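One structure below.
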Amino acid sequence: MEATNGAPQTKAGDWRSYERVLLPPVRDLHKIDVYEQHGGYEALREALTSDRWDPKSVTDEVKASGLRGRGGAGFPTGLKWSFMPPVDPDVPRFLCCNGDESEPGTFKDRQLMEYNPHLVFEGMLLACYAISAKAGYLYVRGEYADWISHMERELENAYAKGYVGENIMGSGFSCELIIHKGAGAYICGEESSLMESLEGKRAYPRIKPPFPAQRGIWGYPTTINNVETLACVPLILRRGGAWYAKIGAQRHPGPVLYGISGHVNRPGVYEYPTGMLISDLIYEVAGGMRGGKKLKAVVPGGSSTPILRADMIDGVTMDAETLRDAGSMMGTGGMLVMDEDTDIVSWLRRVTHFYHHESCGQCTPCREGAGWLENIVTRIDEGEGRLRDLDLLIDLCSQMEGRTVCALADAAAWPVRYTVTRFRDEFEARCRPSLVAAG
Amino acid sequence: MPKVTIDHQVYEFEGRPKALQFCLDHGIELPHFCYHPAMSIPANCRECLIEVGMPAIDRETRQPKLDKDGNPVIRFMPKLMTSCSQDLADGMVIRTHRTSEKVARAQQDTLEFLLINHPLDCPICDQAGHCPLQIQAYKYGPEGSRFEFRKVRKPKHIKLGPRVMLDGERCINCTRCVRFTDEISKSRQLTIIERGVRNYPITPPGVTFDDPYSMNVIDICPVGALTSIDFRFKARIWEMSSAPSITTTNAKGSNCHYWVKDNLVLRITARPNAAVNDYWLPDEDRLDYHRFNENRPDGPRIDGRPATWDEAYARAAEVLRSVPGEGILFLGSAHATVEDNYLLTKLAKALGADVPRYIPHVEPGHGDGWLRTDDRTPNAEGCRRLGIEPVDEAMIRAKMEAGEIKAVYALEDDPVAAGLFSAEALANVPVILHPYHTTNETLPVTDVALPAAMVVETVGTYVNCDGHAQRVRPAKAIRDVNRTLVLEMDKGRPDKHGTPFDRWHHEDHQVNCRPSWVSLPAVAQKAGHPMPYKGPKYIMAELARTDPAFSGATYEAMGLSGVRLESVGEAV
């Protein structure tokens, strides 16, 4: 993390001279010929045909890279792969790639699927090889219809060139990739309900344990990774885990796609190392605040991650440890930026509406609580709130968090808890004056 | 044996039980809704939360860490766990709401959530009074509500099928009904639709919920979302009395409760018995109660004219004495109890007649290999064990035509309707009959009719197709005063029948009939063959003692769940 050329001291190091690897500046990279010209499928060929690689060494290389899941929870990927039970020829195993990106503020996987689909396929094939799976599913959210047909077209090309299917590149390794179109619900992005959905069932999350590595798709050992996570794998094999581990923040390394939206001059998906200063991302990468207004708040990693006030982001960088200490989370790296004119109550109302609408309804606290939260925030937003509503909101969050099968209840409660506590004065100002003195 | 500590008390356990079931088995009540012991565990209601801890293990020595008093250090999981899905493990420490404020608060919180969108229309809900949500809300729930918004609106009074009505708003989405059709009845006729707080169970498009076991979902629904179309709004639960008994529509003898008000059977619900029917009951068993209430006789008749019981007994005895014993055809009944059939065999033997036969009522194709059988009678196996075989129709008819049958004594059946004899064939033969109904087609040619008590009015034993002997108890009162019946009804009755809503002592719906174990000895007495039994209990005790086919089947042993008899010979 040495600084050069007067660049700010961040964990991302000299991010100004960073060269993109996930979304390199290559024209028509989605075409298989172009992808091949730029070293595409070489990592796969190397892994499948060279004596240097076997499934275990691929997993070890990914472990050595320090790659952590990009889907939100940041779980170490190599470790997750090693949870798969020993190979039993009678028991099928599956890889699942989670492309059901639907958290508000998150739109990075779409970019990968559009501009570098073969990197995703190559990553999936390498992961299948590492966990000895003969089939990999790519579950893409149904609303991404155009991207699904785009991916399917490119997958056909990969099949035609022999990178996918029977006896890949003469190595004896066979693997099918299947693109599965989601049926349109946020909950399908939760890994266990994604598997239920894939099986054609109602997408209710499963109780864990058993974990997917024990009982996944159709009850068989399964590994589920995010699109961006798997896209990193070919890069790691091509250039080495040590190279990857050196990029960005030491304990959360690698390139990451920052999806910056909101009141900035240049919203969009940006590839940079982890550990970028939030202020750099806003003021340098995204071109600063729109209209030169002041920053009010940042939601660093998708709508469910705790909101940070402008005065809380000094020196805060985008990696799991730093953000945790700052009181938030890395999430998916989908950063929402709000300027001083933002009505934070209205914003929260929209967020609570989303989680109310998307709660699957399996568990009581989430099913009932998410709607109740929206009711109360709506009432406050409309100027009919009572001061006691604020404490009730916090109370309801406590009644929801950690009491459900999956983490959707937490995702629904955190924005409320942290927005109300961190912007309490604005909420109080919106509530009707109490007729009874407090106390 | 591995040990688990629940609320400071240590229990031993075997296998891998789940915490909730283990607690329930050991008398620790944990509130729950979605969990059902016979079905998969979705852990969706989040009501049965507990605190779970395991002994902390020292990483270096791999031994449990001890505190300064030498007790193992317990590391509790940061989140509360659902006890229904929590496997017990050796050394585990569990805190329930009895010792943990956190758990008690969590249970209260979940109940608060469950109630915010629940209609709270208990005053007009059939489930009120035996509603798990109502009961547990009172026991574990919050006082009052902090919810100040419109409740969610969902479809109400939807007929899911011919027998089950849905009220979507009352549903708490425990998915028991859906799991029942998926896992138990396998009809897969129910599913959850919509999402989130608008969720409710319904049939898929174009499907009718006509599963022959559909009404079980009414029993297992923990709220009043699924109610019986047949029973809707007929009576409140606290206005009725219930008696544990068995159903008699087929040879399975599924265990049930008969729900009675004013001596009318209004409803039949399942009673769990792992040896017979688990938790379930076929719909046909549940709806088979009209025959207990309708077309019932109003006392004995001689040649179709009303008579007193004594007159009828005397006339029957006279008939029996007037013909030679070997000329009397005794017909036992697979509808009647073991005791009644046994007395009949004794009477036949005393008079020198052949061993009684019974009329089989078999409907091929009716059985489903589960709780329905081809045999539509409850006691064919009991008859067989008494040595009463099915009638040989050809031989009996030949005997009748040859004039060898001088009299017919038929227990609790209908030989004419069953096609054994035509009414004309019986016209010139004296017939003594113990009928259930005035619609009995043999009645017009019957000389002496001694109306018999049905399964809901008597005490007795039935043996099901698997050789499981089970007792029945009176659920409703008959006109006659009988000490045995009163005593049997007595158990648990004073409180229930003390309700001002159930006028069981009124004569309005009391049927003027008698159990055959009253009528048969009375006739035998007058015919000169006294049978000094104090009641069915003593008859069964004698059988259990003397007949190996009924070994062990005393009333005490049978209790509420019955006794599996030793198998004897080939099944019928």
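The values are calculated or read from the model by the stated rules, or taken from the named source; none is laboratory data. Please read all numbers here as calculations on a predicted model, not as lab measurements. Cβ sites come from the backbone with ideal geometry, for glycine too, and all protein chains shown count toward neighbours.
Residues in the stretch B:492-535 that are part of a helix (DSSP H, G or I) and modelled with pLDDT under 95: B:Arg493, B:Pro494, B:Asp495, B:Lys496, B:His497. Here is the figure for the stretch A:184-202: residues that are under 11 Å from A:Leu408 (Cβ atoms) and of a type in the set (Gly, Ala, Ser) total 3.
Check the stretch B:348-361 and report whether any residue there is more than 27 Å from the chain's Cα centre (by Cα), free of Cβ contacts under 8 Å to residues at least 24 places away in the same chain and surrounded by fewer than 16 Cβ atoms within 10 Å (Cβ to Cβ). The answer is yes, given that some residue of the stretch B:348-361 is more than 27 Å from the chain's Cα centre (by Cα), free of Cβ contacts under 8 Å to residues at least 24 places away in the same chain and surrounded by fewer than 16 Cβ atoms within 10 Å (Cβ to Cβ).
Looking at this structure, is B:Ala38 more than 14 Å from every other protein chain (Cβ to nearest Cβ), in a loop (DSSP other than H, G, I, E, B), aliphatic (A, V, I, L, M) and in contact (Cβ under 8 Å) with a residue 60 or more places away in the chain? Before the answer, list the steps.
Numbers: more than 14 Å from every other protein chain (Cβ to nearest Cβ): yes; in a loop (DSSP other than H, G, I, E, B): yes; aliphatic (A, V, I, L, M): yes; in contact (Cβ under 8 Å) with a residue 60 or more places away in the chain: yes.
Yes, satisfied.
Quick check on the stretch A:133-161: of everything there that is of a type in the set (Gly, Ala, Ser) and closer than 27 Å to A:Ala213 by Cα, which residue is nearest to the chain's Cα centre (by Cα)? Steps first, answer last, please.
From the stretch A:133-161, those of a type in the set (Gly, Ala, Ser) are A:133, A:135-136, A:142, A:145, A:149, A:158, A:160; that's our starting set.
Narrowing the set further to residues that are closer than 27 Å to A:Ala213 by Cα leaves A:133, A:135-136, A:142.
Values: A:Ala133: 23, A:Ala135: 23, A:Gly136: 19, A:Gly142: 17 Å.
Residue satisfying both the conditions and the ranking: A:Gly142.
Would a scan of the stretch B:430-437 turn up a residue that is touching a helix residue (DSSP H, G or I) at 6+ places or on another chain (Cβ under 6 Å), in contact (Cβ under 8 Å) with a residue 40 or more places away in the chain, assigned by TED's automatic domain parsing to the domain that holds B:Leu520 and not in a loop (DSSP other than H, G, I, E, B)? Yes: one or more hits.
Here are some residues: B:Arg62, B:Arg16. Which one is within 14 Å of another protein chain (Cβ to nearest Cβ) and farther than 25 Å from B:Leu133 by Cβ?
Only one candidate qualifies: B:Arg16.
State whether the residues of the stretch B:129-142 include one that is among the aromatic types (Phe, Trp, Tyr) and more than 11 Å from chain A (Cβ to nearest Cβ). Please lay out each step first, then the result.
Here is the first cut: in the stretch B:129-142, the ones among the aromatic types (Phe, Trp, Tyr) are B:138, B:140.
Of the ones still in play, those that are also more than 11 Å from chain A (Cβ to nearest Cβ) are B:138, B:140.
Yes: one or more hits.
Out of curiosity, is A:Ser149 touching a residue at least 60 places away in the same chain (Cβ under 8 Å) and either in contact with a helix residue (DSSP H, G or I) (Cβ under 8 Å, 6 or more places away or on another chain) or surrounded by fewer than 24 Cβ atoms within 10 Å (Cβ to Cβ) (or both)? Here the answer is no, as A:Ser149 does not meet what is asked. Against the conditions (1) over 33 Å from the mean Cα position of the chain (by Cα); (2) β-branched (Val, Ile, Thr); (3) under 22 Å from B:Thr110 (Cα atoms), B:Thr61 satisfies every one except (3). Could you tell me whether the stretch B:145-152 includes any residue that is within 32 Å of the chain's Cα centre (by Cα) and surrounded by 15 or more Cβ atoms within 10 Å (Cβ to Cβ)? Within the stretch B:145-152, not a single residue is within 32 Å of the chain's Cα centre (by Cα) and surrounded by 15 or more Cβ atoms within 10 Å (Cβ to Cβ).
Only one entry of A:Met338, A:Met330 meets the criterion of being touching a residue at least 40 places away in the same chain (Cβ under 8 Å), in a strand (DSSP E or B) and closer than 29 Å to A:Thr229 by Cα, and that entry is A:Met338. Would you be able to say whether some residue in the stretch B:78-88 is in contact with a Ser or Thr (Cβ under 7 Å, 6 or more places away or on another chain), within 13 Å of chain A (Cβ to nearest Cβ) and not in a strand (DSSP E or B)? No, the stretch B:78-88 contains no residue that is in contact with a Ser or Thr (Cβ under 7 Å, 6 or more places away or on another chain), within 13 Å of chain A (Cβ to nearest Cβ) and not in a strand (DSSP E or B).
Regarding the stretch A:221-236, can at least one residue be identified that is assigned to a loop (DSSP other than H, G, I, E, B), touching a residue at least 40 places away in the same chain (Cβ under 8 Å) and away from chain B (no Cβ under 14 Å)? Outline the logic, then answer.
Residues of the stretch A:221-236 assigned to a loop (DSSP other than H, G, I, E, B): A:221.
Narrowing the set further to residues that are touching a residue at least 40 places away in the same chain (Cβ under 8 Å) leaves A:221.
Remaining after also requiring away from chain B (no Cβ under 14 Å): A:221.
Scanning the stretch A:221-236 turns up at least one residue that is assigned to a loop (DSSP other than H, G, I, E, B), touching a residue at least 40 places away in the same chain (Cβ under 8 Å) and away from chain B (no Cβ under 14 Å).
Taking the criterion of being closer than 22 Å to B:Thr458 by Cα, of a type outside the set (Ser, Thr, Tyr) and surrounded by fewer than 24 Cβ atoms within 10 Å (Cβ to Cβ), the residues of the stretch B:308-329 that qualify are B:Trp309, B:Asp310.
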